[in-house]
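Enquirer: Pasting in a structure now, in structure tokens, and then I'll have a few things to ask.
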Amino acid sequence: MHRAMTTAAIIAGLLGTNPSRAEEGQWLPEQLSELGPERLKAAGLELAAEDLWDGGPKLLRAAVSYSGCSAGFVSDQGLLATNHHCAYPALQAQSRPDRDLLKNGFVASSRDQELRALGGAEVDVLVAIEDVTERIRPAIEAAKSDADRVRVAERKMNALSVACETKHPENRCKVHEHGFGARYRLVRTFRIRDVRLAYAPPSGIGEFGGEVDNWSWPRHSGDFALLRAYVAPDGSSAVHSEENVPYRPDVHFRISPEGVGPGDFVMVAGYPGHTDRHWPAAEVQRHVEDVFPAVIDLYGEWLDLIERHARGRPDLQIQVAAISKGLANRVKNARGMLAGLKRMDLVERKRAFEARLPADLLAEAERLTKATRSTFRRDFLLESLERGPNLLAVALDAARLAREVERPDVARAPRYADRNRPALTELQSRRVRDASVQVGGPWLASVLGRLVEADLLPSSYGGSPKQRLALASRILKRTRLDDPEEVQKLFEAPDRTALEADDDPLLTLGWMVAAKAERAEAEQEAVRGGWMRIGPRYLEAVRAARAPDPIYPDANRTLRVSLARVQGYRVRDGLFATPQTTVGGQVAKHTGRAPFDLPEAVRNAAERAPRSPYADPQLEDVPVCFLSDADTTGGNSGSPVLDRRGRLVGLNFDRVWENIAGDFAYNPAWSRNISVDVRYLLWTLTDVTPAPRLLEELLDLEAR
Ligand code: GLU
């Protein structure tokens with residue numbers, strides 16, 4: 001560790017800003033004022049930094065995180081706008097073949113018609129952020145070994161979170177790590193646990209274009225949905241109950257029916273999940289050679305298998321819809337990553353850049369990457385298990401929980417801490433609901449083979465595909481983990497001795513794999529701890545070498561703001577993409593066959609769209625989607641897109657194909673995010689699947 005460097009210097013390093021390009025940067029809200037009023041003004045923002053963030057959230061308080069996505073409050077009655085694909089698991093959970101909310105969409109004509117968003121849907125409203133680096137970093141530096149560094153940091157993070165929740169019982173607290181352990185921030189939120197579905201368009205709108213158009217432009221998906229947040233009558237956070245009342249946010253985004261056009265300023269406020277902007281070349285190479293090919297191979301196989309076994313069975317298709325969508329999204333993303341990283345020649349570019357970094361640091365980073373690569377196949381399989389359509393993940397969590405509860409609460413992996421138990425238990429009910437022997441059997445058979453191959457199970461679980469299928473079916477027929485009540489019991493009262501002696505075949509399997517997974521994690525911790533040791537110095541070296549370009553911490557599911565402009569891009573030589581699409585273009589794509597089967601109501605309304613109040617005067621039609629050069633990634637789905645005065649003009653939902661690899665490097669030439677235009681949302685609620693009550697609420701007609 002570079003001990004001479006103070007924490008203040010590390011923080012200054014991470015915050016060091018002298019941005020030459022306002023469009024690059026997923027800025028922490030605290031950084032907005034550091035960008036300086038001139039920069040914000042030059043970018044096109046007419047609000048002051050203090051209107052957004054004033055030592056605490058102001059307008060940005062209306063941007064919330066929702067189940068791995070982002071969302072924004074759009075009324076004082078707790079109405080939230082997010083993406084259709086973010087509401088997808090909740091829509092799926094409420095669907096049956098005779099009430100298919102995915103296919104047909106959903107309109108709650110009154111509040112009491114709103115449907116519960118099942119499966120652990122939660123909204124976190126930001127309350128406060130506190131820098132706690134000084135309370136964690138010294139212990140990391142004093143740790144005896146690299147593996148110990150992770151444990152020490154996690155203990156401290158857990159303890160700080162628990163202390164914060166004790167002090168603020170109404171809030172949830174979580175410490176987030178920034179930049180390889182260089183900085184820690186304690187984020188306090190008000191968690192809303194009763195979320196309901198208010199409106200979703202049919203899939204023919206919400207996912208129009210499906211996987212064919214996913215991650216690409218031109219795009220015509222109406223990827224939006226409306227939810228409502230509920231709290232107890234006294235305003236406190238509460239689980240779902242009839243008595244609950246709509247949450248009244250302090251602040252919400254006003255909708256601008258005027259929208260935006262080419263050249264206009266926009267700002268994206270949301271919760272990006274993960275980027276790798278500051279990784280060395282060796283890590284990029286590892287992703288190119290190991291990670292993305294493995295994603296394509298494993299998830300591609302699963303996808304194929306799920307589709308084959310659910311074909312012709314509407315009930316099963318609904319059951320696996322969210323899992324399939326997630327896998328398909330990842331496979332296409334991995335293909336785009338490989339294409340994009342090659343196009344950018346990023347490994348070579350990073351190598352050239354690294355000539356400016358200290359050699360000893362790079363050598364250490366290379367050693368860590370090598371260690372990660374040596375166990376990658378095993379680790380990737382283990383981390384992937386929870387993405388499959390099966391109960392194995394329930395068994396794994398049950399086994400792991402029973403082992404973890406023997407440790408003091410602060411020493412456990414955070415997922416198994418007491419404060420996270422309700423979420424863990426809720427997750428299991430979703431898994432039980434989505435599992436089926438018809439699809440789960442063949443999936444488990446395939447996974448057994450891979451687990452044996454990776455030395456995670458004894459060879460008695462292997463054999464020919466036929467033998468494995470017979471074994472998997474036997475396991476799934478005999479297990480009791482398909483019974484929600486039994487699963488509930490396991491998670492409410494975890495008991496290591498009882499579980500170890502349990503002869504449920506799936507639990508036995510879970511127990512064996514969980515033990516190996518725990519050992520694997522300990523090995524991974526040694527590598528993570530190594531990064532924590534060199535992280536601050538490494539980032540400081542990167543910052544110095546990039547100066548005066550900006551450096552901002554990689555995305556980590558905390559609130560970020562990106563400043564941007566509506567604009568197209570040069571796709572390749574001779575081809576320029578314009579930044580807006582229209583209802584006319586959407587109708588022209590209609591073939592009548594999925595994923596291009598636009599509902600009849602859209603096609604009928606389309607004829608009148610040019611005369612709609614939501615038509616764009618320049619386009620002479622209602623706009624559907626628009627491009628801008630905002631700096632976004634996964635997790636930014638559903639992020640409110642705001643205009644120069646902070647009014648909502650769209651919802652971010654994707655990026656263009658050329659920008660998938662943007663997670664590794666921002667490129668002004670093709671880093672473009674895709675948003676659905678709020679005018680399309682308003683038009684749909686007016687003329688396609690009318691929802692006058694919601695429309696009135698959204699437009700806040702009385703206030704105008
Ligand atoms: N469409 C992306 C996804 O589903 C989210 C937004 C993005 O990555 O740009 O992961």
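The values are calculated or read from the model by the stated rules, or taken from the named source; none is laboratory data. Not measured: the values here are computed from a predicted model. Cβ placement follows ideal geometry from the backbone for every residue including glycine, while neighbour counts extend to all protein chains displayed. With ligands, DNA and RNA removed, areas are computed over all heavy atoms of the protein, side chains included. Shrake-Rupley method; radii C 1.70, N 1.55, O 1.52, S 1.80 Å.
Enquirer: In square nanometres, what is one fourth of the surface area of the convex hull spanned by the alpha carbons of region 226-355?
Expert: 14.8 nm²
Enquirer: Something else: Rounded to whole Hz and in sequence order, give me ³J(HN,Hα) for region 383-391 from the Karplus expression 6.51 cos²θ - 1.76 cosθ + 1.60, θ = phi - 60°, writing x for Gly and Pro.
Expert: Values per residue, Gly and Pro as x: 6, 7, 4, 6, 8, x, x, 7, 8 Hz.
Enquirer: So who's got an amide H within less than 5 Å of the one on residue 650, skipping anything under 5 residues away but keeping other chains? H placed 1.01 Å off N, in plane.
Expert: 641, 678
Enquirer: Per DSSP helix of 4 or more residues, -39500 (n - 2.57); summed, then divided by the residues of the chain. What does that give at 222 nm, rounded to the nearest 500?
Expert: Values: 27 runs with 312 residues, N = 704.
Theoretical 222 nm ellipticity from helices: -13500 deg cm²/dmol.
Enquirer: Let me ask something else. Could you give me D for region 137-179, from Stokes-Einstein at 37 °C and 0.692 mPa s, where the hydrodynamic radius is the Kirkwood radius over C-alpha pairs? Units µm² s⁻¹, please. Intermediate values should be presented prior to the final figure.
Expert: Values: Rh = 11.2 Å.
It diffuses with D of about 294 µm²/s by this estimate.
Enquirer: Additional query: Say each of residue 470 and residue 489 gets a label point 7 Å from the Cα, pointing the same way as Cα to Cβ; how far apart are those two points in nm?
Expert: Between residue 470 and residue 489, the simple spin-label model gives 3.2 nm.
Enquirer: For region 348-499, what is the accessible area per residue in Å² when the probe is 1.4 Å?
Expert: Result: 47 Å² of accessible area for each residue.
Enquirer: Taking all protein chains in place and a 1.4 Å probe, what share, in percent, of the accessible surface of the chain do carbon and sulfur account for?
Expert: Working: 13960 of 27570 Å².
Using a 1.4 Å probe with all protein chains present, the chain comes out at 51 percent carbon and sulfur.
Enquirer: I want to verify the translational diffusion coefficient of region 153-303 in µm²/s; compute it with Stokes-Einstein, Rh as the Kirkwood radius over Cα pairs, at 20 °C and 1.002 mPa s.
Expert: Value of D from the Cα-based Kirkwood radius: 104 µm²/s.
Enquirer: What number, in percent, do you get for the relative contact order of the chain if the mean sequence gap of Cα pairs under 8 Å and at least 6 apart is divided by its residue count? Numbers along the way, then the final one.
Expert: Details: 1400 pairs, mean separation 174.7, N = 704.
So the answer I get is 25 percent.
Enquirer: Highest first, please rank the peptides 500-508, 395-403, 277-285 by the mean number of other Cβ atoms sitting within 10 Å of their residues.
Expert: Order by mean packing, descending: 395-403, 277-285, 500-508.
Enquirer: Something else about it: Could you compute the FRET efficiency for residue 304 and residue 239, with r as their C-beta to C-beta distance and R0 at 35 Å, rounded to 0.05?
Expert: Numbers: r = 38 Å, r/R0 = 1.09.
Efficiency at R0 = 35 Å is approximately 0.35.
Enquirer: With an 8 Å cut-off on Cα pairs and a minimum separation of 6 or more residues, tell me the relative contact order of region 214-273 in percent.
Expert: Rounded, it is 20 percent for region 214-273.
Enquirer: What order do you get for 58-69, 79-90 when each peptide is scored by the mean count of other beta carbon atoms within 10 Å, highest first? Walk me through the numbers on the way to the answer.
Expert: Working: 58-69: 23.1, 79-90: 26.0.
Highest-to-lowest ranking by the protection proxy: 79-90, 58-69.
Enquirer: To the nearest 20 debye, what is the magnitude of the charge dipole of the chain about its Cα centre, counting +1 on the Cβ of each Lys and Arg and -1 on the Cβ of each Asp and Glu?
Expert: Computed about the Cα centre, the dipole is about 1160 debye.
Enquirer: Can you give the accessible area per residue of region 22-157, in Å², using a 1.4 Å probe?
Expert: 38 Å²
Enquirer: Could I ask something else about it? Probe of 1.4 angstrom, ligands and nucleic acids ignored: what's the accessible area per residue over region 567-646, in square angstrom?
Expert: Result: 46 Å² per residue.
Enquirer: Please work out how much length the chain gains when fully extended from residue 33 to residue 515, using 0.36 nm per residue of separation minus the C-alpha to C-alpha distance, in nm with one decimal.
Expert: Length difference between fully extended and current span is 168.7 nm.
Enquirer: Taking θ as phi - 60°, what are the ³J(HN,Hα) couplings along region 275-286 by the Karplus curve (6.51, -1.76, 1.60), each to the nearest whole Hz, with x for Gly and Pro?
Expert: My calculation for region 275-286 gives 10, 10, 5, 9, 5, x, 4, 4, 6, 4, 4, 4 Hz in order.
Enquirer: Let me ask something else. Identify, among 624, 422, 532, the residue whose Cα sits farthest towards the positive end of the charge dipole of the chain, taking +1 on the Cβ of Lys and Arg and -1 on the Cβ of Asp and Glu, with the dipole about the Cα centre.
Expert: 532
Enquirer: Then there's this: Can you list the HN-Hα couplings for region 632-641, worked out from phi with the Karplus curve (6.51, -1.76, 1.60; θ = phi - 60°), rounded to whole Hz and with x for Gly and Pro?
Expert: So the Karplus estimates, Gly and Pro as x, are 10, 7, x, x, 6, 4, x, 5, x, 10 Hz.
Enquirer: So between residue 459 and residue 546, what do we pick up on full extension, going 0.36 nm a residue minus the alpha carbon distance?
Expert: Once the chain is fully extended between residue 459 and residue 546, it gains 26.2 nm.
Enquirer: Over the Cα atoms of the chain, what radius of gyration and what Dmax do you get, in Å?
Expert: 24.8, 71
Enquirer: Also, quick follow-up: Would you calculate the separation in nanometres between label points at residue 163 and residue 700, each defined as 7 Å from the Cα along the Cα-to-beta-carbon direction?
Expert: 3.9 nm
Enquirer: In whole angstrom, and with the biggest value first, how far do the Cα coordinates of region 244-299 range along each principal axis?
Expert: Sorted largest first, the three principal extents are 47, 42, 23 Å.
Enquirer: Let me ask another. Could you order 161, 236 so the one with the most accessible surface comes first? Probe is 1.4 Å. Intermediate results must be reported in sequence, preceding the final value.
Expert: On the way: 161 5, 236 25 Å².
Final ranking, largest accessible area leading: 236, 161.
Enquirer: Expected output is a single nm value to one decimal: the length gained when fully extending between residue 46 and residue 367, i.e. 0.36 nm times separation in residues minus the C-alpha distance. What is it?
Expert: Here the segment from residue 46 to residue 367 would lengthen by 110.8 nm.
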